[in-house]
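What follows is calculated from the coordinates using simple rules that are stated; it is not laboratory data. Everything numeric in this text was worked out from a predicted model, so none of it was measured. Methodologically, a virtual Cβ is constructed for each residue, glycine included, from the backbone with ideal geometry; neighbour enumeration extends over all protein chains shown.
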Amino acid sequence: MACEQWRGKLDLYSDGELAPADEAALRAHLNSCAACAVDVLDRVQLKHAVHAAGKRYEPSAQLRAQIAKTVAKTTAKKAPSANVWGWRIIFVPAVVMLIFALALNFYVGREHAGRERVYSELADLHVATLASATPVDVISSDKHTVKPWFQGKIPFTFNLPDLPGSEFSLIGGRVTYLEQTPGAQLIYRVRKHEISVFIFPEHALPMPSLLAGPVNALSFNTESWTQNGLRYFALGDASADDIRALSKLLRDAG
Amino acid sequence: MDGWLVYSMRVSEDRSSASSFEDLAMPLFDQLYNFARWLTQDTAEAEDLVQETYAKALRGFGSFQQGTNFRAWMYRILRNSFLSSRAGLKIVVPLDEEENENILPPASTTPESILIGEANREMVQQAMAELPTHFREILLLCEVEEMSYQEISATLGIPAGTVMSRLSRARKALRGLLQRNLEGGRHGV
């Protein structure tokens, strides 16, 4: 009965494919069953005989060399693919950098053009104001007169400096517009030179980050800064030092 | 077997290197040729088959799935190339593995252990050569290449159960041929 149980598994046993538990059980059976042991021996003998007989043919040295050469050649051909990758490693970032540079150039150029446009417009406003028969709507050298005048006319307020003892004098002020944004224009005078100080809400202006600093716009000297959410522009034909000095007074007042 | 296990484990690690195909495939050259020669029964055809196998493997190495058995992959390429060759197209594998097919009945008088003991290497080789190709190839994969049932299943594209039954029938057929040849040799003397 035990032999019949194992007979179907003798091939699996001799091929080493039996599960460990079954293998141990069959081995125990083989120790007590001569018939099954001889059967397994026959199978193992046949396996060894086929193993030995099966290793019959050897390839020629010529075929070996030919295939080795083909494989090596193909591998060598594929090796340049590593170089291709090497090129890609250099080429792709270079292209990316080029695109980035072009994009940056375009962006900076666009920003620069916008900046030029803003200062040109401010210069126009300055010239037009001085050329006007009524350059200012509120004529006063008193900041306590000028500042309240803007209340209700512009959506913000600002501080103005006391100017006693300085070379600067306040002529007056008017409401102006830059890029459809209402703002204040103050006219100061220093040694017969008029300086316009424009004040606008910072957030309402285009590209505010590039507006700061001194700019030579149409030969006018300028200064620009932000303070309390407001963008200030000082522009006039006075010297750069005068523009800077007035800007400092205004900053200190803010 | 252990050497092959280590070799198989190395397959996935080595694939990424530029020379991995060479490292993996060239050690299989001798055994692939031997297998091809047994299949084709002809030196020139075996050489063509091995060359075709390496050429196809080189082209397809990029699609070889990492972690799978490289040796079984190479043998499968070789076998498929053979089956699509002029000689291979003549091979007929019975659809019903259980169907009896020209398997000689075992001799009644000679015990198998004596039979195998008496058979020399040439006799076994002669009997193997006479086996139907599907029996010969599965015996070679199991006994010569020492593949597991799972590897044979992957190489031949048949279920593990079919591997077992076909192996059993191949051995039975081989024993029958050996007995016939031995008996014939005795009567001939």
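3J(HN,Hα) along the stretch B:143-159, derived from phi through the Karplus expression 6.51 cos²θ - 1.76 cosθ + 1.60 where θ = phi - 60°, amounts to 8, 8, 7, 6, 6, 6, 4, 5, 5, 5, 4, 5, 5, 8, x, 10, x Hz, with x in place of Gly and Pro. Rounded to 0.05, the FRET efficiency of the A:GLU167 and A:ASN105 pair, given R0 = 45 Å and the Cβ-Cβ distance, is 0.55.
Label point of A:CYS3 set 7 angstrom out along Cα-Cβ; within the stretch A:16-51, amide nitrogens under 16 Å from it belong to A:29-43. For A:TYR57 and A:GLU116, the difference between the fully extended length at 0.36 nm per residue and the C-alpha to C-alpha distance is 12.5 nm.
Note on chain A: with a GNM built from Cα contacts shorter than 10 Å, the maximum mean-square fluctuation among A:GLN180, A:GLN151, A:GLN62 falls on A:GLN62.
Within chain A, the cysteines lacking any other cysteine Cβ closer than 4.7 Å to their own Cβ are A:CYS3.
Cβ-to-Cβ counts within 10 Å put B:SER148, A:SER196, B:SER168, A:SER60 in ascending order as A:SER60, B:SER168, B:SER148, A:SER196, the fewest first.
Residues whose amide H comes within less than 5 Å of that of A:ILE195, counting only those at least five positions distant or on another chain, are A:TYR188, A:ARG189, A:VAL190 (H built at 1.01 Å from N in the peptide plane). Label-to-label distance, A:VAL127 versus A:ALA68, with points set 7 angstrom from Cα along the beta-carbon direction: 8.7 nm.
The distance between label points at B:SER63 and B:GLU122 comes to 4.6 nm (points 7 Å beyond Cα on the Cα→Cβ vector).
Nearest 20 debye, what's the magnitude of the dipole of the stretch A:115-253 about its Cα centre given +1 on Lys and Arg Cβ and -1 on Asp and Glu Cβ? Walk me through the intermediate numbers first.
Working: 13 positive and 15 negative charges, 34 e Å.
Taking the Cα centre of the stretch A:115-253 as origin, the dipole is about 160 debye.
Highest mobility in the GNM of chain A, judged by mean-square fluctuation with C-alpha springs under 10 Å and restricted to A:LYS55, A:LYS147, A:LYS192, is found for A:LYS55. The simple spin-label model puts a point 7 Å past each Cα toward its Cβ; for A:ALA253 and A:LEU98 those points are separated by 5.5 nm.
Taking Lys and Arg as +1 and Asp and Glu as -1, the other residues whose beta-carbon sits under 13 Å from that of A:TRP149 total +2.
Per 0.36 nm of contour for each residue apart, how much would the distance between A:PHE91 and A:THR226 grow if the chain were fully extended, relative to their Cα-Cα spacing? It would help to have the intermediate numbers written out before the result.
Values: separation 135, 0.36 × 135 = 48.60 nm, distance 4.32 nm.
Taking A:PHE91 through A:THR226 to full extension adds about 44.3 nm, to one decimal.
In degrees, nearest 10, range 0 to 90: what is the angle between the Cα axis of helix A:240-253 and the longest Cα principal axis of chain A? Helix A:240-253 and the main axis of chain A meet at about 80 degrees. Averaged over peptide A:244-251, the number of partner chain Cβ atoms lying within 10 Å of each residue's Cβ comes to 0. Shielding by partners for peptide A:62-75, expressed as the average number of C-beta atoms from other protein chains within 10 Å of each residue's C-beta, is 5.
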